[in-house]
Amino acid sequence: MLDKLRREFTLITFGLSGVVLLIALVMTFVSNVTMQNNVTLSLLNRGLEVGHALNPQMGSKDREGTVGADSMLTVSVDVTPSGIVLNKSESPVGLDEDALDEIVAKAVSGSETSGTNWARHLAWAKKSTVYGLRIAICDTYSRDVSLIRQGISGVIIFLMSLCALYAVSRALANRSIKPVSEAWDAQRRFISDASHELKTPLAVILANVQILQRSKDMSAEDMRWVGRTADEAEHMKGLVEDLLTLARADEAKAGSVGAAGPMVELDLSEIVDECALEFDAVAFERGCTISCETEPEVMVTGDKQQLERVMNTLVDNATKYAAKDSEVKLSARRDGKKAHVTVNNKGAVIDAEDLAHLFDRFYRTDKARSREETGGFGLGLAIAKSIVDAHGGKIWATSDAASGTTFHVTL
């Protein structure tokens, strides 16, 4: 739970910060591109107005006023409607004949009033004159290189910032959930310590009750109360053992102790078959039957006692809530590199809202049911999940009117 909370906090912080940074970098780049395009357009318009009178000397005058250094990047060409060059302004811009012919041909034949030749780093614009067309050509090499460098720098800054943001987000997540982690550890230790401490007085209570049950001096009424006390003490003993099992599983997740015992190679098909045989009589008493379909030698690595407990829990629940005269179906098969076990029964459909909480501790799908009716505390499935998790597997449930309720375990 804490790992999931830490991951979610980190991803949210990291994601939001990354999006804000990306938007800022993109807006800066787009703003620069727009500004550079406006500068280029201004140079082209000046070139169209000045025409061949433009000269390369900085600060020279024309009828429009002072021609600055930027105008040295522009060449103006007057051409006939057929594309014959009449005049060409002087400019330091190195414009070879092939590039000039290509732009003139495109300007004369096309309907566009401006364009860009990215391969040659040139931009052009045209306007009609009494002789034909005037074409202004601007060298955009410096602009293009500057934008490319800005783009590369932006990507590098973004990637480096993402690394820094992830580290900061992770640190903030660890710091933010520290109180939750400490509270969780305190709760886990309390449950573990309390369960240990309760085992001794419960053992004494059960021993004393057994002595009272052997007494011949008690009346039938008194003996009934003693029997009731014995039953409740046994139920409490089961609850304490379940809580201790869950506490050990939590400790295993925290890295203290292993929740599972010795991990050896096991035949899961054999465990499922034995469980079906063991619950055959129980199912008969509860008004249902059990069928079992297993592939031979579905091998897994795990703790046999713990995996048997998982199967017993699932089959016990399936027979307990199965409809009268229905069939509880067990299966074990290979699914690629995994072993897949299913336990299916036909009974009341479990709501989707309840499915999401089936493996929560003390959760009951039917809040009206008492422990006396079900015989449990709502910890069986939580324990089964902790065992499957400790084995690196997955457990979940599906339920619908057509297929019934099916519990799945993959290992």
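Derivation of every value follows stated rules applied to the coordinates shown; laboratory data play no part. This is a predicted model, so every value here is computed, not measured. Methodologically, a virtual Cβ is constructed for each residue, glycine included, from the backbone with ideal geometry; neighbour enumeration extends over all protein chains shown.
Quick look at the values:
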quantity: Size of electric dipole in the range 264-410: Cβ of Lys, Arg +1 and of Asp, Glu -1, about Cα centre, debye, nearest 20; calculated: 460
quantity: The range 271-370: chymotrypsin sites (Phe, Trp or Tyr not before Pro) falling in loop per DSSP and having at most 11 other Cβ within 10 Å; calculated: PHE362
quantity: Cα lying deepest toward the dipole's positive end in the range 264-410, options GLY287, LEU379, MET299, charges on Cβ; calculated: LEU379
quantity: Ellipticity estimate at 222 nm from DSSP helix runs (n ≥ 4, -39,500 (n - 2.57)) divided over the chain, nearest 500; calculated: -18500 deg cm²/dmol
quantity: For ILE290, residues with placed amide H under 5 Å, excluding near neighbours; calculated: VAL328
quantity: Cα long-axis angle, helix 178-213 against the chain (0 to 90 degrees, to the nearest 10); calculated: 10
quantity: Exposed GluC sites (Glu not before Pro) absent: longest stretch of the chain, with sites in DSSP loops and at most 14 other Cβ within 10 Å deemed exposed; calculated: 113-296
quantity: Centre separation in Å (Cα based) which lies between the range 151-184 and the range 392-411; calculated: 37
quantity: Size of charge dipole - the chain - debye, nearest 20, with Cβ of Lys, Arg +1 and Asp, Glu -1, no other charges; calculated: 1300
quantity: With Cα atoms, 0 to 90° folded angle of helix 268-278 axis to the chain main axis; calculated: 40
quantity: Rounded to 10°, Cα long-axis angle of helix 97-109 versus longest principal axis of the chain; calculated: 80
quantity: Per-residue ³J(HN,Hα) for the range 225-231, Karplus 6.51 cos²θ - 1.76 cosθ + 1.60, θ = phi - 60°, Hz, x for Gly and Pro; calculated: 5, 5, x, 5, 4, 4, 4
quantity: Two-site label geometry, GLN150 and ASP193: point separation in nm, points 7 Å out along Cα→Cβ; calculated: 6.4
quantity: Under 5 Å, built H, 5+ apart or other chain: amide partners of LEU266; calculated: VAL300, THR301, GLY302
quantity: Relative contact order [Cα under 8 Å, 6+ residues apart], the chain, whole percent; calculated: 11
quantity: The range 36-42 - phi-based ³J(HN,Hα) in whole Hz, Karplus 6.51/-1.76/1.60, Gly and Pro as x; calculated: 5, 5, 5, 4, 4, 4, 5
quantity: Interchain or long-range residues, amide H under 5 Å from SER331's placed H; calculated: GLU293, THR342
